[in-house]
Amino acid sequence: MDPKINDALNGQIKEEFYSSYLYLSMAAYLESLGLKGFARWMEMQAKEELEHAMKIYKFVVDRGGRVRLFDIQQPPVEWESPLKVFEEALKHEQYITSKINGLMSLAREAGDYATEIFLQWFVTEQIEEEASVGEVVEKLTLVKDSPNGLFMIDRELGMRQ
């Protein structure tokens, strides 16, 4: 594996682990507000991000690369509201999309077709991630400060499998 691509993939493993850590922190905050459905949604998201990190980890190993794990910064622990949580989550997913796009460009420049094909799954996944979080932002924006609206969204998000 090209050392430049190996390093970049190691960097993405860190980003995915941080994403999981961030979403778990968001879940803890939402849980503290008594919003168990919102918290469950974020817990499921955190688990998904761990799976993404391990998917990249396994790919690097399978290609004969070397996995190096980096320090993960502490995520925020407080937000102004559930809406602010999901707005930050959307912004974070957009950031991750930019990182995946950068990896795709790097793989193309290097003529590393195996990595490019592997990353295609992540490109598609990011479309889904942004849409999913964006949908929650839209709903929270619509209900504004309505306790009934918040309750309904909480119940809906708690059903995430």
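Only the coordinates and a few stated rules stand behind these numbers; no lab work does. Model, not experiment: these values are computed from the prediction. Cβ atoms come from the backbone with ideal geometry, glycine included; neighbour counts cover every protein chain shown.
For the range 1-30, a residue qualifies if it is acidic (Asp, Glu) and more than 21 Å from Ile72 (Cβ to Cβ), and exactly one does: Asp2.
Does the range 21-29 contain any residue that is hydroxyl-bearing (Ser, Thr, Tyr), buried (at least 18 other Cβ atoms within 10 Å of the Cβ) and under 18 Å from Val123 (Cα atoms)?
no
Just to be sure, is Tyr18 buried (at least 16 other Cβ atoms within 10 Å of the Cβ), under 22 Å from Glu129 (Cβ atoms) and within 12 Å of the chain's Cα centre (by Cα)? Break it down into steps so the answer makes sense when it comes.
Values: buried (at least 16 other Cβ atoms within 10 Å of the Cβ): yes; under 22 Å from Glu129 (Cβ atoms): yes; within 12 Å of the chain's Cα centre (by Cα): yes.
Spelling it out, Tyr18 is indeed buried (at least 16 other Cβ atoms within 10 Å of the Cβ), under 22 Å from Glu129 (Cβ atoms) and within 12 Å of the chain's Cα centre (by Cα).
Only one of the numbered conditions (1) under 12 Å from the mean Cα position of the chain (by Cα); (2) closer than 15 Å to Val133 by Cβ is not met by Ala53, and that is (2).
Return the residue satisfying two criteria in turn: it lies in the range 88-108 and is among the small types (Gly, Ala, Ser) and over 17 Å from Tyr18 (Cα atoms), and of such residues it is nearest to the chain's Cα centre (by Cα).
Checked the range 88-108; the qualifying residue nearest to the chain's Cα centre (by Cα) is Gly102.
Under the condition of being surrounded by fewer than 19 Cβ atoms within 10 Å (Cβ to Cβ) and either on the phi > 0 side of the Ramachandran plot or not aliphatic (A, V, I, L, M) (or both), the residues counted in the range 44-53 number 3.
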